[in-house]
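Below is one structure, written out as structure tokens, with a few remarks after it.
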Amino acid sequence: MKEFDMNHLVDEIVKEITNSRNTYAATTTTTLTDNRVPIGVSARHCHLTKCDFIKLFGDTGSLTKKGDLLQPGQFAANEAVTIAGPKGSIERVRVLGPFRKHTQVEVSMTDSIKLGLKPPIRESGNIEFSSPVTIIGPKGSIYKEKGLIIAQAHVHMSVNDAKRLHVQDGDFVRVKTLNEQRPISFEKVKIRVSPNYVLEMHIDTDEANAAHIQSGDFGEIILGEKR
Ligand SMILES: [Zn+2]
């Protein structure tokens, strides 16, 4: 190919790429409307009561903060535990703070298979009829008759966001992920409204992997279509 032709070809290719980028940007702008919601992927984790913390970590000290989570007041602690069931155990399960009224462990279904347990899909905080689980810390271990759940996909939002999106606490909505390669709709996503919440959808690692998305990606709440 002559040099002139080559330069011309390069120009054409650059133009094509630029055009397709502009098209993509335009599409993105029109797709990403106000009903977008940022997605946070929750890896397996553990909420503890102060009493259970003492049994696992001893009575000196308390949870120490590793980093803040997006929801105000919530944080990932430096402390971690091992969780165990009849078929196996999982180490380095992060403890989240602050302390709660009930000890609760949230895992993915993949995790539950490894443990040999069958936890129900539940809203965080509702541990009635959930699975038993053993929690092991550096200073002791506890057997909880209930407390292991698979968290139900949900969206945290403020009262203003709820008004804007025409939804109420306890509603179920459909959320479509904005991933062009593997678009997936989450069909029964619970809305949780509180003045303390900021807009964020929580899914577990199985759901995130299935949708090929990671924390910081966006979904879109399909409006006018409560489930
Ligand atoms: Zn959440």
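Residues of the stretch 141-158 being under 18 Å from Cys46 (Cβ atoms) and either charged (D, E, K, R) or in a strand (DSSP E or B) (or both), which ones? Selection gives Ser141, Ile142, Tyr143, Lys144, Glu145, Lys146, Gly147, Leu148, Ile149, Ile150, Ala151. The residues on offer are Leu56, Leu96, Leu115, and the sole one that is within 28 Å of Asn209 (Cβ to Cβ) and either touching a Lys or Arg at 6+ places or on another chain (Cβ under 9 Å) or open to solvent by 30 Å² or more (accessible area, probe 1.4 Å) (or both) is Leu115. The residues on offer are Leu96, Leu70, and the sole one that is part of a loop (DSSP other than H, G, I, E, B) and within 16 Å of the ligand (Cβ to nearest atom) is Leu70. Selection of the stretch 124-139 for residues being outside any strand (DSSP E or B), open to solvent by 20 Å² or more (accessible area, probe 1.4 Å) and more than 16 Å from the ligand (Cβ to nearest atom) yields Glu128, Phe129, Pro138, Lys139. A search for C-beta distances below 7 Å between a residue of the stretch 124-137 that is farther than 19 Å from Ala153 by Cα and any residue that is within 16 Å of the ligand (Cβ to nearest atom) and open to solvent by less than 20 Å² (accessible area, probe 1.4 Å), counting only pairs 6+ apart in sequence or on different chains, returns Val133/Val105; Ile135/Cys46; Ile135/Val105. Set side by side, the residues Val175, Val105 differ, and just one is modelled with pLDDT of 95 or more, surrounded by 13 or more Cβ atoms within 10 Å (Cβ to Cβ) and assigned by TED's automatic domain parsing to the domain that holds Ile213, which is Val175.
Within the stretch 104-117, the presence of at least one residue that is over 24 Å from Phe172 (Cβ atoms) and within 16 Å of the ligand (Cβ to nearest atom) is confirmed.
Determine if the stretch 163-180 includes at least one residue that is under 26 Å from Val198 (Cβ atoms), assigned to a loop (DSSP other than H, G, I, E, B) and of a type in the set (D, E, K, R).
yes
Scanning the stretch 195-215 for residues that are open to solvent by less than 50 Å² (accessible area, probe 1.4 Å), within 11 Å of the ligand (Cβ to nearest atom) and either within 13 Å of Val37 (Cβ to Cβ) or of a type in the set (S, T, N, Q) (or both) turns up Glu200, Met201, His202, Ile203. The condition of being more than 21 Å from Leu70 (Cβ to Cβ), assigned by TED's automatic domain parsing to the domain that holds Asp59 and either crowded, with 21+ Cβ neighbours inside 10 Å or of a type in the set (A, V, I, L, M) (or both) holds for only one of Ile184, Ile121, that being Ile121.
The values are calculated or read from the model by the stated rules, or taken from the named source; none is laboratory data. Nothing here was measured: the structure is a model prediction, and the numbers come from that model. Heads up, the Cβs are rebuilt from the backbone with ideal geometry, glycines too, and the neighbour counts pull from every protein chain shown. We work out accessible area using only protein heavy atoms, side chains counted, and drop any ligands, DNA or RNA first. Shrake-Rupley method; radii C 1.70, N 1.55, O 1.52, S 1.80 Å.
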